[in-house]
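Just below is one structure, and these are the notes that go with it.
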Amino acid sequence: MNYITAKTILTPVNYSSKWFGIDYTMNLYRGCNHGCIYCDSRRNIYNITDFDTVQIKKDAISILRNELRHNKKGIIGNGAMSDPYNILDEKYELTRKSLELIEKYNYGIFITTKNNLIIRDMDVLKRIKNKLISITITTPNDKLASIIEPNVSVSSKRFKAMKKLNENNIPCGIMLLPVLPFITDKTNDIKKLIKLAYKNHARFIYPSSMGMTLSENQRTYFYKKLDESFPNLKEKYRKIYNDNYTCTTRNYELYDVFKQKCDDYGILYKMSDIIKIYRKDTDKQSTLFK
Ligand code: SF4
């Protein structure tokens with residue numbers, strides 16, 4: 001078992017209005033085993049060696065308990081930099097234990113995951129007053145999902161998990177992020193994804209910029225995987241990205257289609273509307289967490 005030391009588990013943030021209304025980020029683990037070929041957390045700036053091996057933060061739960069007892073109440077975001085429902089969580093259940101504490105100390109939770117393992121924790125999630133779940137789905141096609149996100153539930157299982165969460169009054173929507181040029185950016189696929197989202201009761205779809213980032217280590221890993229699974233695409237990427245971090249080739253056109261379809265189905269997609277699903281009063285925390 002790989003352990004790393006940590007002094008804190010919660011990190012306060014001041015961008016709650018921009019990212020799902022969260023007041024803290026939380027990471028119980030370091031690294032992720034899901035193997036997404038585009039993962040932004042491989043970037044050099046994060047300095048995570050051996051990113052694909054999950055490590056547990058030593059004493060994570062007791063550090064978290066102490067922080068929850070003393071910090072100001074707020075919404076805790078879990079799922080950036082590492083999927084909280086990773087291979088180690090199946091056995092050690094740190095995510096479940098953290099949710100039990102979040103319930104006990106009356107905080108709120110926002111979770112991002114790709115793993116239908118989240119269904120395991122529905123009983124605790126139901127008891128947390130302010131909660132919102134986002135399941136990342138980048139393609140409606142299971143075969144393609146198993147190539148670009150090889151070690152986690154395929155898209156159809158994620159759609160089913162979302163439906164089940166919503167049927168149990170745990171609001172859940174889709175993170176449509178990233179959109180891979182030439183791979184997941186087909187207009188018909190985006191339309192199909194939105195239709196499936198509607199059928200499976202999605203409360204929202206958040207598309208961010210309808211694109212993907214590419215930088216340093218992340219770029220090296222992604223190009224290696226392109227060579228293995230999508231021969232000839234690397235050169236096309238080189239042309240549209242050069243050495244840039246982002247590329248906006250089709251983003252605007254796709255966003256218009258996306259917006260129209262979401263409007264047709266009545267699905268929320270603007271961050272300010274999504275936050276209101278579970279955070280009715282962003283200015284008065286004392287009212288929210290009474
Ligand atoms: S699930 Fe998230 S953190 Fe894990 S590899 Fe995929 S993109 Fe990276």
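Structure above, values below:
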quantity	calculated
Exclusive hit being in contact with a strand residue (DSSP E or B) (Cβ under 9 Å, 6 or more places away or on another chain) and not basic (K, R), set L117, L94	L94
Those helices (runs of 4 or more DSSP H) lying entirely in the stretch 163-264 with at least 3 residues under 16 Å from P140 (Cα atoms) and out of contact with any Asp or Glu (no Cβ under 7 Å at 6 or more places or on another chain)	187-199
Top-ranked residue of the stretch 22-58 - restricted to ones that are polar (S, T, N, Q) and closer than 30 Å to I275 by Cβ, ranked as farthest from the ligand (Cβ to nearest atom)	T25
Those residues of the stretch 59-89 which are more than 13 Å from the ligand (Cβ to nearest atom), open to solvent by less than 70 Å² (accessible area, probe 1.4 Å) and of a type in the set (S, T, N, Q), in sequence order	S62, N71
The listed residue being away from the ligand (no atom under 16 Å from the Cβ), of a type in the set (S, T, Y) and free of Cβ contacts under 8 Å to residues at least 60 places away in the same chain, out of Y107, Y92	Y92
Residue in the stretch 8-26 that is open to solvent by 60 Å² or more (accessible area, probe 1.4 Å), assigned to a loop (DSSP other than H, G, I, E, B) and over 23 Å from T136 (Cα atoms) present	yes
The one condition in (1) within 16 Å of the ligand (Cβ to nearest atom); (2) closer than 21 Å to A6 by Cα that A145 fails to fulfil	(2)
Any pair with Cβ under 7 angstrom, 6 or more apart, that starts in the stretch 174-193 at a residue that is modelled with pLDDT of 95 or more and ends at one that is of a type in the set (D, E)	V179/D185
Pairs with Cβ under 8 Å, 6+ apart, first in the stretch 150-169 and farther than 21 Å from V124 by Cα, second of a type in the set (K, R) and surrounded by fewer than 23 Cβ atoms within 10 Å (Cβ to Cβ)	none
Matching residues in the stretch 110-121 - criterion: being open to solvent by less than 10 Å² (accessible area, probe 1.4 Å) and either within 13 Å of the ligand (Cβ to nearest atom) or modelled with pLDDT under 95 (or both)	I111, T113, I118
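Listed here are the residues, each with its yes/no results for (1) surrounded by 13 or more Cβ atoms within 10 Å (Cβ to Cβ); (2) farther than 24 Å from N47 by Cα.
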{"residue": "F182", "(1), (2)": "yes, yes"}
{"residue": "K186", "(1), (2)": "yes, yes"}
{"residue": "D189", "(1), (2)": "yes, yes"}
{"residue": "K195", "(1), (2)": "yes, yes"}
{"residue": "Y223", "(1), (2)": "yes, no"}
{"residue": "D243", "(1), (2)": "no, no"}
{"residue": "T249", "(1), (2)": "yes, yes"}
{"residue": "L254", "(1), (2)": "yes, yes"}
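The values are calculated or read from the model by the stated rules, or taken from the named source; none is laboratory data. These numbers come from a predicted model, not from an experiment. No Cβ is skipped: glycine too gets one built from the backbone with ideal geometry, and neighbour counts run over all protein chains shown. Note: accessible area is taken over every heavy atom of the protein model, side chains too, but ligands, DNA and RNA are not part of it. Shrake-Rupley method; radii C 1.70, N 1.55, O 1.52, S 1.80 Å.
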